[in-house]
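Participant: Dropping the structure in here first, questions after.
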Amino acid sequence: MKKDRDGRTALHSVVVTGKIDVIDLLFDHCPDAAKEVTLHQESVLHLAVKHHQQEVLEFLIDKKLGSLVQDLLNRGDREGNTILHMATAKKQLQVRPT
């Protein structure tokens, strides 16, 4: 997938907006897109937490990421923050790893 100047793919951008139907379509066309990270080493899960997209986070974890889930849950961004670190800092208590 092509990236913008911030290293975001189309999937990253759509995760930020919370459009699950478009996320679903992008996964159908490019299932490996979830492996991509931004220039700040943020995964799709980091972006979902950062932008308060709880429904997107649950959709990705429960329905789309498959075997990538554990890797993405444990992956740190450029500062070493996992999604749990980010959620705690933002007091998003609904984040729940499977």
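Participant: Scan region 35-44 and give yes if some residue there is surrounded by 15 or more Cβ atoms within 10 Å (Cβ to Cβ), among the polar types (S, T, N, Q) and over 18 Å from ARG5 (Cβ atoms), otherwise no.
Facilitator: yes
Participant: Select from region 1-27 the residues that are loosely packed, with under 15 Cβ neighbours inside 10 Å and either within 9 Å of the chain's Cα centre (by Cα) or not in a helix (DSSP H, G or I) (or both) and list them in ascending order.
Facilitator: MET1, LYS2, LYS3, ASP4, ARG5, ASP6, GLY7
Each reported figure results from applying straightforward, stated rules to the coordinates on display, with no laboratory input. Just so we're clear, the structure is a prediction, and the values are computed from it rather than from any experiment. Please note: Cβ atoms are built from the backbone with ideal geometry, for glycine as well, and neighbour counts cover all protein chains shown.
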